[in-house]
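Pasting in a structure now, in structure tokens, and then I'll have a few things to ask.
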Amino acid sequence: MLNKTGVPTKEQVLSRFFDQEVMIKPKAILECYEDIPCNPCETSCPFDAIVIGENINTQPQLIPDVCTGCGICVTSCPGLAIIVAQLVGDRAVFKIPYEFLPVPQKGEVWLGINRQGNVICDAKIESILLNKKQDHTALVTVSVPGLYLHDFVTIRSKS
Ligand code: SF4
Ligand code: SF4
């Protein structure tokens, strides 16, 4: 399905998430489903929580016990293939890459978008990080209802 539509299957997506007791802490979700020569995620992680290994074409693997959910890998991935996800009470909190203008502002409510590009919910902007190291990719922290943990992937402006 990925090759035909660019959209991963539900099984592919779920394979990158972890059990609920793990997801109560923020974890990087590595949605990299192709064997491509790429490794900025591995080299950018200050905790060595992402493993690709000697063959650079190998898909990255997360070591969840080591990942702190810091989000550094999110803005280092040229394919925008990484988000950080966490369950906080009845909310799912994400750190996502965002490269469009205007940059969302804290407290705003945007549209929550799934992997098919459809609107699924409201998404509250919790914070934004954008500095020179990130090369115009903002790290946006956003929360949505917890039932969308496996569906939400990005935001769209309401205006
Ligand atoms: S979120 Fe931080 S700790 Fe986790 S894999 Fe990414 S860079 Fe490493
Ligand atoms: S940086 Fe992104 S595209 Fe490259 S291997 Fe890592 S997850 Fe995949």
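Pop a pseudo-label 7 angstrom from the Cα along the beta-carbon direction at both Q116 and S44 and give the gap in nm to one decimal.
3.0 nm
Something else about it: Suppose the chain between L130 and Q12 were pulled fully straight at 0.36 nm per residue; how much longer would it get relative to their current alpha carbon spacing? Before the final figure, lay out the partial values.
Values: separation 118, 0.36 × 118 = 42.48 nm, distance 2.99 nm.
Result: 39.5 nm gained on full extension.
Cross-link partners among lysines for K25, C-alpha distance below 16 Å, same-chain residues fewer than 8 apart left out?
Those lysines meeting the cut-off are K95.
Let me ask you something else. From the cross-link list K106/K132; K27/K133; K27/K124; K27/K158; K10/K106, which pairs have alpha carbons spaced over 24 Å apart? Walk me through the intermediate numbers first.
Numbers: K106/K132 20 Å; K27/K133 21 Å; K27/K124 19 Å; K27/K158 28 Å; K10/K106 31 Å.
Table pairs above 24 Å Cα-Cα are K27/K158; K10/K106.
Continuing with the same structure: What number in nm² do you get for region 2-156 if you take the convex hull of its Cα atoms and divide its surface by four? Mind showing how you got there, number by number?
Details: hull surface 35.7 nm².
Orientation-averaged projected area of the Cα hull: 8.9 nm².
If you don't mind, there's one more thing I want to ask. Hey, quick one: spin label on R156, modelled 7 Å out along Cα-Cβ, who in region 4-34 has an amide N within reach, i.e. under 19 Å?
5-8
While we're on this one: Around T75, with a cut-off of 11 angstrom between Cβ atoms, what is the net charge of the other residues, counting Lys and Arg +1 and Asp and Glu -1? It would help to have the intermediate numbers written out before the result.
On the way: positive: K95, K133; negative: E99, D135.
Residues near T75 contribute 0 overall.
Which ³J(HN,Hα) values in Hz, rounded to whole numbers, follow from the phi angles of region 127-138 under the Karplus curve 6.51 cos²θ - 1.76 cosθ + 1.60, where θ = phi - 60° and Gly and Pro get x?
Residue by residue, region 127-138 yields 6, 9, 10, 8, 9, 4, 4, 7, 6, 6, 9, 6 Hz.
Ok, one more. Amide H neighbours of E108 under 5 Å, at least 5 residues apart or on other chains, H built in the peptide plane: list them.
Residues meeting the criterion, in which the H sits 1.01 Å from N, are I125.
Sticking with the crude label model, points 7 Å out along Cα→Cβ, report the distance from L101 to V88 in nm, one decimal please.
2.9 nm
Next up: Suppose each label sits 7 Å from its Cα in the direction of the beta carbon; what would the Q61-T5 distance come out to in nanometres?
2.9 nm
Residue by residue, what Karplus-based ³J(HN,Hα) values in Hz, rounded to whole numbers, does region 95-100 have, using 6.51, -1.76 and 1.60 with θ = phi - 60° and x for Gly and Pro?
Each residue's phi maps through the Karplus curve to give 10, 10, x, 9, 10, 9 Hz.
Still on this structure: How much length would be gained if the chain were fully extended between Y33 and D19, taking 0.36 nm per residue of separation minus their Cα-Cα distance, in nm to one decimal? Before the final figure, lay out each step's value.
Numbers: separation 14, 0.36 × 14 = 5.04 nm, distance 2.00 nm.
Contour length minus the Cα-Cα distance gives 3.0 nm.
When only Cα pairs under 8 Å and 6 or more residues apart are kept, what is the percent relative contact order across region 86-159?
Values: 154 pairs, mean separation 30.6, N = 74.
The normalised contact order for region 86-159 reaches 41 percent.
Here, each number is a calculation from the coordinates, and none is a lab measurement. What you see is a predicted model; the values in this text were computed from it and never measured. Here the Cβ is made from the backbone with ideal geometry for all residues, glycine too, and neighbour counts use every protein chain on show.
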